[in-house]
């Protein structure tokens, strides 16, 4: 070892120590190709190389210089952190899924409710409707047409699948009635006189034959000396609406309520 | 002179090549460097003592490096590698200081 030299050193003469030390140094600094110089050069070269490598290693990556137990500790920490983050991510993913499906369900329910409200509004006469259908004008040039003839037309339209019906400015609903009065007929408490203009939304190919059936509704009108002009239309607009009072006595059966 | 040139040459070589230290040797290289520094200072002191011998320098250099690495390796196996490498660095540091002091006394008589 390097320190070994100390033990073998003889004490140099104190008087000329400094002078001779510098001389020794300068003498050894002079390049000479002997074995000692070459060996020293080789070893110091090795040292310089190792120093630079170690410095660079130390600077470039702090992980590669660490010991096994330190690396294990770091790995443990990283693994633990990863597990925590994974669990957190899973939780958030579940939460997100719940929120997405929740809003989806809500929207679907809202759309279904809106669609149901429209359907039921048309069926109950609460909202205007339009579509293919027929237009029928019943006139009474000579005699009054009795209410049962008109009721016959209404029943025939209903049987033929008319989805929305209007007489004059009145929307016909499930509770509509037609009765005779002195001046003409009364529909749902409103007096009507001829000509009676019917609008019905439904399949014209079904409605037309149903009304014109031999012995049917229009035949009855003609028997009552009236005239009937029946025409199919691509767009029948039923604009009359009916306010419907909420049922006072009937309530939905809870078990069969909408999901 | 050749020793100084060798030192510079080795440093330049290390800068140019930029080698990666093998994983197995990574914990021992810094200790080996410190041990080699100790050997270098010991050699310089021996030079000024006029007892420099290239064979002794070679053997002391290599054995310093090997023994230091061996101690650290043993410490790693025993589970006290960190503490033992600190101990080696402290001991080598003290030796470097004493050698440097001897060199200083030779050159400056102080």
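Screening the stretch A:30-58 for residues that are at pLDDT 75 or above and exposed (fewer than 13 other Cβ atoms within 10 Å of the Cβ) and picking the one that is nearest to the other protein chains (Cβ to nearest Cβ) gives A:35. Residue A:109 passes every criterion in (1) farther than 21 Å from residue A:208 by Cα; (2) crowded, with 17+ Cβ neighbours inside 10 Å; (3) out of contact with any helix residue (DSSP H, G or I) (no Cβ under 8 Å at 6 or more places or on another chain) apart from (2). Could you say whether any residue in the stretch A:130-141 is modelled with pLDDT under 85, surrounded by 10 or more Cβ atoms within 10 Å (Cβ to Cβ) and closer than 30 Å to residue A:186 by Cα? Scanning the stretch A:130-141 turns up at least one residue that is modelled with pLDDT under 85, surrounded by 10 or more Cβ atoms within 10 Å (Cβ to Cβ) and closer than 30 Å to residue A:186 by Cα.
Just for the stretch B:53-85: of the residues that are over 30 Å from residue A:28 (Cβ atoms) and touching a helix residue (DSSP H, G or I) at 6+ places or on another chain (Cβ under 6 Å), which one is nearest to the other protein chains (Cβ to nearest Cβ)? Top of the filtered list is B:81.
Go through the stretch A:174-209 residue by residue and tally those that are over 21 Å from residue A:233 (Cβ atoms) and surrounded by fewer than 16 Cβ atoms within 10 Å (Cβ to Cβ). Number of matching residues: 12. The helices (runs of 4 or more DSSP H) falling completely within chain B that include 3 or more residues that are surrounded by 21 or more Cβ atoms within 10 Å (Cβ to Cβ) and modelled with pLDDT of 85 or more map to B:29-48, B:54-78, B:81-108.
Scan the stretch A:213-231 for residues that are part of a strand (DSSP E or B) and under 18 Å from residue A:158 (Cβ atoms) and the total you get is 2. Taken over the stretch B:24-40, the criterion of being within 7 Å of chain A (Cβ to nearest Cβ) and more than 24 Å from residue A:40 (Cβ to Cβ) is satisfied by B:26, B:27.
Residue check: is residue A:152 surrounded by 16 or more Cβ atoms within 10 Å (Cβ to Cβ), in contact (Cβ under 8 Å) with a residue 24 or more places away in the chain and within 30 Å of residue A:240 (Cβ to Cβ)? Against the criterion (surrounded by 16 or more Cβ atoms within 10 Å (Cβ to Cβ), in contact (Cβ under 8 Å) with a residue 24 or more places away in the chain and within 30 Å of residue A:240 (Cβ to Cβ)), residue A:152 qualifies.
The values are calculated or read from the model by the stated rules, or taken from the named source; none is laboratory data. All values derive from a computational prediction rather than experimental measurement. Don't worry about glycine lacking a Cβ; one is built from the backbone with ideal geometry, like all the others, and counts go over all protein chains shown.
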